[in-house]
Every structure is written in structure tokens, then in C-alpha cells.
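Here's the structure we're looking at; comments come further down.
The values are calculated or read from the model by the stated rules, or taken from the named source; none is laboratory data. Keep in mind that what you see is a predicted model, and the values were worked out from it rather than measured. For neighbour counting, all protein chains shown are included, and Cβ atoms are generated from backbone atoms with ideal geometry for every residue, glycine included. The accessibility values were calculated without ligands, DNA or RNA, using every heavy atom of the protein model including side chains. Shrake-Rupley method; radii C 1.70, N 1.55, O 1.52, S 1.80 Å.
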Amino acid sequence: MKLYHHPLSGHAHRAHLFLSLLGVPYELVEVDMAAGAHKAPDFLKLNPFGQVPVLDDNGTVITDSSAILVYLARKYGRTDWLPEEAVAAARIQKWLSVASGEIAYGPCAARLVTVFGADFRTDEVIARRTAFSR
Ligand SMILES: N[C@@H](CCC(=O)N[C@@H](CS)C(=O)NCC(=O)O)C(=O)O
């Protein structure tokens with residue numbers, strides 16, 4: 001199982017952390033994002049969105065950090081991480097959605113401004129972060 005990642009990617013970190021918590025064998029493949037490797041034709045065949053993380057499980061390709069978490073939990077039968085019961089499953093899904101929504105577009109976006117000089121409106125992303133932390 002290969003995880004295409006970048007060490008500074010928070011989304012990739014989620015998948016990497018879960019793989020290590022599961023204690024299953026995996027190989028990390030670093031994508032040279034600074035050189036644009038995530039937009040190169042070979043990588044776009046894996047993920048047309050040109051984003052990390054991507055999991056390649058012996059030819060089964062899963063993109064998107066939340067999808068990777070769900071795939072791994074189901075594959076290894078880890079109902080302690082992803083329960084079957086309706087209310088518990090809904091609560092897990094809620095936090096996966098919050099991670100991809102409020103957190104990604106608030107605190108994560110603010111980090112991109114600070115760390116990478118991303119061209120976002122800082123007042124907007126900081127306001128989202130503030131709303132989230134209340
Ligand atoms: N919804 C995706 C978002 C992944 C994402 O935004 N990855 C960033 C790195 S943290 C990326 O690859 N950005 C490059 C781009 O969007 O061009 C997920 O949860 O995996």
C-alpha cells in the first residue's frame with residue numbers, strides 16, 4: 001500500500017497518522033509539490049484533482065483524505081474507528097465533514113497564508129477560524 005503525500009500537507013497527515021495508528025504496512029511516496037509533481041500527467045492519472053493524499057492499495061486508488069480514512073477503517077474492520085450503528089456513524093461523518101469544510105477553509109487556510117504566503121483574504125479566513133473556535 002502506497003501513500004502519496006507531502007510532509008507539510010495536513011490532509012496527507014491525517015491519512016499518514018491513521019495508517020500508523022492501524023499498524024499496517026505502507027510505503028510513503030513524497031510528491032514534490034514545489035516542483036509541480038502533483039500536476040504532472042502521471043500524478044493526474046491517479047488524482048485528476050492534482051492533490052495529495054492519494055492511497056494506492058495494490059491498484060485500488062483512493063483519493064481524498066476522508067475517503068482514505070473510511071476505506072482503511074472498513075478494509076481493516078475497525079468499527080472502533082468507524083462504527084456501523086446509525087447515530088455513531090453520523091457523528092463520525094459530521095467530524096469528517098467539519099475537517100473538510102470549516103477546518104479546511106478556516107484554520108488550515110490561515111496556516112497556508114502564514115506558512116506559504118497563500119493569496120487568500122486574511123480577514124475572511126481568520127473570521128472563519130474565529131467562528132470555529134467559539
Ligand atoms: N479534499 C482533499 C483536499 C486535499 C488538498 O487540498 N490537498 C492539498 C495539500 S494539503 C493539495 O494537494 N493542494 C494542491 C492543489 O489543490 O493544487 C482531501 O481531503 O484530501
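At the residue level, THR122 shows approximately 70 square angstrom of accessible surface with a 1.4 angstrom probe and all protein chains present. Stokes-Einstein diffusion for the chain, with the hydrodynamic radius set to the Kirkwood value over Cα pairs and evaluated at 20 °C in a medium of 1.002 mPa s, equals 133 µm²/s. Rolled with a 1.4 Å probe across the full set of protein chains, the surface gives PHE18 an accessible area near 10 Å².
Taken as Cα centroids, the range 74-134 and the range 7-65 sit 18 Å apart, rounded to the nearest whole angstrom. Subtracting the Cα-Cα distance of ARG111 and ALA34 from 0.36 nm times their residue separation leaves 26.0 nm of extension gain. Once the Cβ-Cβ distance of ALA118 and VAL61 is raised to the sixth power relative to R0 = 30 Å, the FRET efficiency obtained is 0.65.
Annotation: amide H of LEU28 within the under-5 Å range of LEU3, sequence separation 5 or more or interchain, hydrogens built in the peptide plane. Nonpolar atom fraction for the range 2-75, defined as the carbon and sulfur part of the 1.4 Å probe accessible area, stands at 57 percent. The gain in end-to-end length when the GLU102 to TYR76 segment is fully stretched comes to 6.5 nm, 0.36 nm per residue minus the alpha carbon separation. For the peptides 49-61, 83-95, 28-40, the ranking by packing is 49-61, 28-40, 83-95, with the highest mean count of neighbouring Cβ atoms within 10 Å listed first. Estimated purely from DSSP H runs of n ≥ 4, each contributing -39500 (n - 2.57), the mean residue ellipticity at 222 nm for the chain is -14500 deg cm²/dmol once divided by its residues. Overall shape: prolate for the range 86-132, with the ratio a/c of the largest to smallest alpha carbon gyration tensor axis at 1.5 or above and a/b above b/c.
Computed from label points 7 Å out along Cα-Cβ, the spacing between ASP42 and TYR26 is 2.1 nm.
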